[in-house]
Amino acid sequence: MRPGRLGTLETMRRGTFRDETVDYAAVGATQASDLLQYPPEKSIPAQESWKLGSGEERFRSAGDALLSWRALRDGGISIAEVRPASDPSYSGVSFDDEGQPIAPSRLDADQRFDADGTPYVAAGSSVHVRGRVGGYRVDAELRVIFVVEEKRRIGFALGTVRDSVVSGEESFMIEWRGDDEVWFTVRAFDRPVSPLYRLLPALVRRRRRELFGRYLRAISPMYTTPA
């Protein structure tokens, strides 16, 4: 990552986001436009985008599915121990098109729940995830870095807190574009933590590809070819 970018993210981490909540430094880096070229140090970046269809109805339904944890849960990952932010005033972090932190991402005190009582994704909340995806273990404590609910964008980002085989962040974004098309984009950066993943970084890339494929199938049953 370029020095200027890292410096900005470090400043935001110290001032806006609590140091003890995540186990990596570049909080919010999944929103940087140059993530693939300048990933956080020792991390492996990834990004995929898929067309889900078109129109406002598709956008709204995909966004609701995303915020109710469907990308993870229907992808084979169980969601447990969802806990709200320790500070009820916490509203996450918002970023501009260059990935610069600018303001709280959401100011909404009303918590929503899905049919089985699981809270929707909320800024600052913590969650424990477990499961196996294509033979790869998923077992980690995560923190919701931000939530975006705008007229044409819905999404959120998760950052690792502890226990994961990798350290880093992943973001999920549904966009209703000006041409009426609806796109789902997932971005991530992973720093190997476990001895096996440090020894064989190719496993990190394979694990990430498997996760991305599961997320897509969960949000779009009519699987489309990645762009």
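Some points to look at:
- Treating r as the C-beta distance of Asp34 and Arg209 and R0 as 22 Å, the FRET efficiency rounds to 0.55.
- Global geometry of the stretch 120-227, whether rounded, prolate or oblate, following the gyration tensor of its Cα atoms and the 1.5 cut on a/c: oblate
- Accessible surface of the stretch 131-194 [probe 1.4 Å, protein heavy atoms]: carbon and sulfur percent: 45 percent
- With a Förster radius of 41 Å applied to the beta-carbon distance between Arg70 and Leu199, the computed FRET efficiency rounds to 0.75.
- Net length gained if the chain between His128 and Arg177 were fully extended (0.36 nm per residue, minus Cα distance): 14.4 nm
- Listed peptides 204-210, 169-175, 189-195 by packing density, highest first (mean Cβ within 10 Å): 169-175, 189-195, 204-210
- Ranked by the mean number of other Cβ atoms within 10 Å per residue, highest first, peptides 150-156, 52-58 order as 150-156, 52-58.
- Two numbers describe the Cα atoms of the stretch 114-173: Rg and Dmax, which are 12.7, 38 Å.
- Residues of the stretch 189-211 with amide N under 17 Å of the 7 Å Cα→Cβ point at Asp163: 193-194
The values are calculated or read from the model by the stated rules, or taken from the named source; none is laboratory data. Bear in mind the structure is a predicted one, so any value in this text is a computation, not a measurement. As a convention, Cβ positions derive from the backbone with ideal geometry for all residues, glycine included, and neighbour counts pool all protein chains shown. Heavy atoms of the whole protein, side chains included, go into the accessibility calculation; ligands, DNA and RNA do not. Shrake-Rupley method; radii C 1.70, N 1.55, O 1.52, S 1.80 Å.
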